[in-house]
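Let me begin by presenting the structure, written as structure tokens, before commenting on it.
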């Protein structure tokens, strides 16, 4: 079950960039665009097997998110 219904989808397929940096870059853009920092990021279960924390963002694997995509938003 997903904890987010509305969010921003971000694509980052750069193989040279670390996972955590990808999450934080997407979060910075989200904050710039929407005026608030995201609390949740869903990623492909191929990219992440277990929930983890990146800074203040909870990152969770999801079967419904494509590889290299980051779905950011607020839990709800």
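What follows draws every value from the coordinates through simple rules; no lab data is involved. This structure is a prediction, so every number in the text was calculated from the model and none was measured.
Observations, loosely collected:
- Spatial offset of the range 1-43 relative to the range 48-76 amounts to 8 Å, using the alpha carbon center of each.
- Read-out Cα extents along the principal axes in Å, derived from the coordinates shown; its label in (i) 30, 29, 19; (ii) 107, 25, 15; (iii) 43, 19, 14: (i)
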